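J.: Starting off with a structure, shown below.
The values are calculated or read from the model by the stated rules, or taken from the named source; none is laboratory data. On a predicted model such as this, the values are computed, not experimentally measured, just so you know. Cβ sites come from the backbone with ideal geometry, for glycine too, and all protein chains shown count toward neighbours.
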Amino acid sequence: MARFGSSFLSLTALVVAASCNKAKPAPAQGSAEPAGSSTAPSASDACAAAKPEHGSRMAWFVDDYAGALKCAVATKRPIVMDLWAPWCHTCLSMKTTVFTDAAMAAIADKFVFVAIDTDREQNTATVAKYPLSAWPTFYVINPTEQVAGRLVGSATAAQFVAFVQGSQLAAGPDSVASLITQGDQAVTRGDFAAAEPLFAAALQKAPADFARRPELVLALLQTKAKRDDAMGCVTLAIAEAAHMGNASSASDAMGVAMSCAEQVAKQNEAGAQATTQMQQVAIATWTKLVDDPKAQLSVDDRSDAMANLREALEAADKHPDALAIAEKQRALLDDTAAKAASPLAASTYNWPRAEVYVYLGRALDIAPVLVASANALPTEYDPPYRAAWAFFKGQKYADAALWANKANALVYGPRKPRVVNLMIDIAKAQGDNAAELAARTELVATYKALPPSPANSKALVDAEAGLAAMAAK
């Protein structure tokens, strides 16, 4: 996610943690037999399905948590789970830049790796068991299915190795690391009320020069946001901004806090003043990151920081400054995409490139690039969707409809409504009532086919209302 809080780099293993001694949770459906069972497969058989993908240094089980668990039990190795989605540019950045790094050799044979596409219906139970706070989310899971570490968002190769290795190191029950582990486990259960005091206690106990303080602050900010403590979120971010370092966690923390500030601004005069102060702090933090060539940021991270800075500058009525940042972001992304090792690696930058080109009023300049990406990756739904969006923003509606239909033929899961909604917008812009009616009908059917949830139920009601209004015409 590229806007305020695009990725939440956190938590346990980055500060050298271990899972706490709690009762073993019930195995997930399809779980492997316990180690030592007479039916347990041999290590070679249990792990045979794992294969390298996209130039990765590690062998991955793909959309097969049960298979990964069997391998983990057979080999007594922990699982590293990557919860990702095809539309997530940060997910693609991790796959094509971090996981291909030579540093991954240090962990490649010591863990079992599984990649879970969260859009696929077959993975619904796994995602429910190990939920996301943002895309991507990574878990280290012991063969007992106990969470030992959680990392949300991006990381450099060195940071990712530290996260994975650190999750298996022992820590005292009252240590900072153990408190964070317990907080991670509470978040995994969806118990944010339990997680917040654990993260707060860890932060209070951590020394001022604690190496992973930024990740801990980020975890606490995110938890406060989940608990609707917007003022507490803003207050913490302002207090800790000077200690957040020069990695992606600093950028992400400002993103979370700015989202909180948007809520605080609506409350009262004190909230409006806190919002103004938060805005100034965030702009200063992002500016420092963007101007630091040695900041621990991937190109994707740096682009996100630029996008967030640009949005904050616009909110502060500094449009010329925002334009200047946009031009720097565009040049960075264009240069990096041109040097990408593969069409998939280049597609990492499709969305931020499309967004910044549209912001600059140049939608039709990037559209052919996105078309080329779609042609180079004919089984992927995201490139044609991005092309359709760029053509739509450039008011080339026939081209937009063509590529939206191609995306719709490929898309699946919870991303499909976004594609269909774009088709509705295109049809409305064309004045094509028949196409709009057909798209609205498909949107209702799409929501009915998705797994039940409060958000999907509300979206279905809205979609049905839109269809009824259109039919009444």
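J.: Of all residues in region 204-220, which are within 24 Å of the chain's Cα centre (by Cα) and in a helix (DSSP H, G or I)?
T.: Hits for region 204-220 are Arg213, Pro214, Glu215, Leu216, Val217, Leu218, Ala219, Leu220.
J.: Please indicate, with yes or no, whether at least one residue in region 302-319 is basic (Lys, Arg) and assigned to a loop (DSSP other than H, G, I, E, B).
T.: Yes.
J.: Might you check whether a residue that is over 17 Å from Tyr385 (Cα atoms), touching a Lys or Arg at 6+ places or on another chain (Cβ under 6 Å) and not charged (D, E, K, R) occurs anywhere in region 457-466?
T.: Here is the first cut: in region 457-466, the residues over 17 Å from Tyr385 (Cα atoms) are 457-466.
In the following step, the residues that additionally are touching a Lys or Arg at 6+ places or on another chain (Cβ under 6 Å) were identified as 466.
After this cut, where a residue has to be not charged (D, E, K, R) as well, the list is 466.
There is at least one residue in region 457-466 that is over 17 Å from Tyr385 (Cα atoms), touching a Lys or Arg at 6+ places or on another chain (Cβ under 6 Å) and not charged (D, E, K, R).
J.: May I ask you to verify whether Ala253 is surrounded by 19 or more Cβ atoms within 10 Å (Cβ to Cβ) and closer than 22 Å to Leu220 by Cα? Please lay out each step first, then the result.
T.: Numbers: surrounded by 19 or more Cβ atoms within 10 Å (Cβ to Cβ): yes; closer than 22 Å to Leu220 by Cα: yes.
Considered against the rule, which asks whether it is surrounded by 19 or more Cβ atoms within 10 Å (Cβ to Cβ) and closer than 22 Å to Leu220 by Cα, Ala253 comes out as yes.
J.: Restricting attention to region 81-114, which residues are among the hydroxyl-bearing types (Ser, Thr, Tyr) and either under 28 Å from Lys416 (Cα atoms) or buried (at least 21 other Cβ atoms within 10 Å of the Cβ) (or both)? Give the steps one after another, and end with the answer.
T.: From region 81-114, those among the hydroxyl-bearing types (Ser, Thr, Tyr) are 90, 93, 96-97, 100; that's our starting set.
Thr90, Ser93, Thr96, Thr97, listed by residue number.
J.: Hey, another quick one. How many residues are under 19 Å from Val358 (Cβ atoms) and either in a loop (DSSP other than H, G, I, E, B) or of a type in the set (Lys, Arg) (or both) if we restrict to region 320-340?
T.: Result for region 320-340: 2.
J.: For region 154-198, give me the residue count where each residue is in a helix (DSSP H, G or I) and within 30 Å of Ala108 (Cα to Cα).
T.: Let us first name the residues in region 154-198 that are in a helix (DSSP H, G or I), namely 157-166, 176-188, 192-198.
If we keep only those that are within 30 Å of Ala108 (Cα to Cα) too, we end up with 157-166, 176-188.
Within region 154-198, residues that are in a helix (DSSP H, G or I) and within 30 Å of Ala108 (Cα to Cα) number 23.
J.: Where residues in region 122-149 are of a type in the set (Ser, Thr, Tyr) and part of a loop (DSSP other than H, G, I, E, B), which of them is modelled with the lowest pLDDT?
T.: Within region 122-149, the first condition is being of a type in the set (Ser, Thr, Tyr), and the residues that meet it are 124, 126, 130, 133, 137, 139, 144.
Subsequent filtering for residues that are part of a loop (DSSP other than H, G, I, E, B) retains 130, 133, 144.
Values: Tyr130: 96, Ser133: 83, Thr144: 95.
Among them, the one singled out is Ser133.
J.: Now a separate question. Out of Leu203, Leu179, which single residue is out of contact with any Phe, Trp or Tyr (no Cβ under 7 Å at 6 or more places or on another chain), surrounded by fewer than 24 Cβ atoms within 10 Å (Cβ to Cβ) and at pLDDT 90 or above? Steps first, answer last, please.
T.: Working: Leu179 fails: surrounded by fewer than 24 Cβ atoms within 10 Å (Cβ to Cβ).
None of the others qualify; the one that does is Leu203.
J.: Name, by its number, the condition in (1) farther than 24 Å from Ala115 by Cα; (2) within 17 Å of the chain's Cα centre (by Cα) that does not hold for Ala200.
T.: (2)
J.: Answer with yes or no whether Ala374 is more than 24 Å from Pro86 (Cβ to Cβ), surrounded by 15 or more Cβ atoms within 10 Å (Cβ to Cβ) and at pLDDT 95 or above. Reasoning before the result, please.
T.: Details: more than 24 Å from Pro86 (Cβ to Cβ): no; surrounded by 15 or more Cβ atoms within 10 Å (Cβ to Cβ): yes; at pLDDT 95 or above: yes.
The answer is no for Ala374.
J.: Residues of region 403-417 being in contact with a helix residue (DSSP H, G or I) (Cβ under 8 Å, 6 or more places away or on another chain) and without any contact (Cβ under 8 Å) to a residue 40 or more places away in the chain, which ones?
T.: Across region 403-417, the qualifying residues are Trp403, Ala404, Asn405, Lys406, Ala407, Asn408, Leu410, Val411, Lys416.
J.: Among the residues of region 60-80, what is the count of those that are under 22 Å from the mean Cα position of the chain (by Cα) and surrounded by fewer than 21 Cβ atoms within 10 Å (Cβ to Cβ)?
T.: Residues meeting the conditions: 3.
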